[in-house]
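The values are calculated or read from the model by the stated rules, or taken from the named source; none is laboratory data. All of these numbers come straight from a predicted model, not from anything done at the bench. Positions of Cβ are backbone-derived with ideal geometry, glycine not excepted, and every protein chain shown enters the neighbour counts. Side chains are part of the model used for accessible areas, which takes the heavy atoms of the whole protein and leaves out ligands, DNA and RNA. Shrake-Rupley method; radii C 1.70, N 1.55, O 1.52, S 1.80 Å.
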Amino acid sequence: MSFVEYSDCIQDGDVAIVYLGHNSVMPVKVQQGAQTQTRYGVIRHSSDLIGQPYGSKVTCSKGGWVYVLHPTPELWTVALPHRTQILYTTDIATITMMLELKPGSVVCESGTGSGSLSHAILRTIAPTGHLHTVEFHQQRAEKVQEEFTEHRVDHLVTVRNQDVCKDGFGVTGVADAVFLDIPSPWEAVGHAKAAMKRQAGGRLCSFSPCIEQVQRTCQALVDQGFQEINTLEVLLRIHDVRTVSLPLPDFGPDSRSDGVEETSPNHAAVSLKTTTPPREMPGHTGYLTFATKPRT
């Protein structure tokens, strides 16, 4: 099992995602002889998980059932233990696209936090890319390194415990893209520019919840010679698809050219599919500021 390579069957040592319901998933470290408690009963790893195909429907001890899924960055985002506020798939998808990430890309990231975005980046740049991620907090840096090893992606990532605003990313002239999610990103813009490839240029993204942070970051980007600076906000609005019944108007009998009147079939209503907007929707998460370091 790896977060960047698919496996057919569950093996001892894998991290599997147990799907309990639409809004309830949990990660499980599969171990010979171990058990996992759920609200539907016990899952016995040796008999219920190991050797079973991913996607299997597993019956628990109380008679309820769950699905056991192969881990993906999207599932990890909703199942991971939160050590910090995290980025969710709506923002992650936009970041991955706007940074123009692809297999083989070299990316610098700060801060790592709970690793939600990091896993998505690693899947995108695998198998030949590399992620240099910087985390200021020592315990968080150690924990995310353990998770990368457990998820078998540690060969694609280097974790550094340092202050990116003072010490930079620990690399120079190698990055195709840089992502900043820190309280004062304007202080790290110079280090981000230094980490990028000198002749090829690159893309930068900064995530900030407050518009005052965006203003100072944009000014720092201008001062450092970045171009194509723009800020956007992603708001997800999911429409509900449902069936509605609409009454048909009665226009009276039809008249044919030979003068004989035809009576239209008596259909009181017609059913059709339609969409309705949500009454409530998730609001502001943060501003995404993108910029381009030009070729030199």
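Some notes on this structure:
- Selection within region 208-243 - under 13 Å from PHE290 (Cβ atoms) and in contact with a helix residue (DSSP H, G or I) (Cβ under 7 Å, 6 or more places away or on another chain): SER208, THR217, LEU221, ILE229, THR231, VAL234
- From the list THR285, THR296, the one residue that fits, being within 47 Å of the chain's Cα centre (by Cα), modelled with pLDDT under 80, under 30 Å from ALA177 (Cβ atoms) and part of a loop (DSSP other than H, G, I, E, B), is THR296.
- Inter-residue pairs, beta-carbon under 7 Å, first closer than 24 Å to ILE238 by Cα and in region 278-292, second of a type in the set (Lys, Arg), 6+ apart: PRO278/ARG237; MET281/ARG237
- The criterion of at least 2 residues that are under 30 Å from ARG39 (Cβ atoms), touching an Asp or Glu at 6+ places or on another chain (Cβ under 9 Å) and assigned by the TED database to the domain that holds ASP176 is met, among helices (runs of 4 or more DSSP H) falling completely within region 64-129, by 89-98, 116-125.
- The listed residues are ARG83, ARG39, and the only one of them that is more than 19 Å from SER118 (Cβ to Cβ) and basic (Lys, Arg) turns out to be ARG39.
- For region 163-185, the condition holds for at least one residue, the condition being that it is free of Cβ contacts under 8 Å to residues at least 24 places away in the same chain and not in a helix (DSSP H, G or I).
- Pairs are defined by a Cβ separation below 6 Å, a sequence spacing of at least 6 or placement on different chains, a first member in region 131-145 that is closer than 8 Å to THR112 by Cα, and a second member that is assigned to a helix (DSSP H, G or I) and not hydroxyl-bearing (Ser, Thr, Tyr); the pairs so defined are VAL134/VAL164; GLU135/ALA141.
- Identity of the residue in region 136-155, more than 19 Å from the chain's Cα centre (by Cα) and either open to solvent by less than 30 Å² (accessible area, probe 1.4 Å) or among the aromatic types (Phe, Trp, Tyr) (or both), that ends up nearest to PHE179 (Cα to Cα): PHE136
- Of residues in region 198-215 being surrounded by fewer than 16 Cβ atoms within 10 Å (Cβ to Cβ) and modelled with pLDDT of 95 or more, the one nearest to SER110 (Cα to Cα): PRO209
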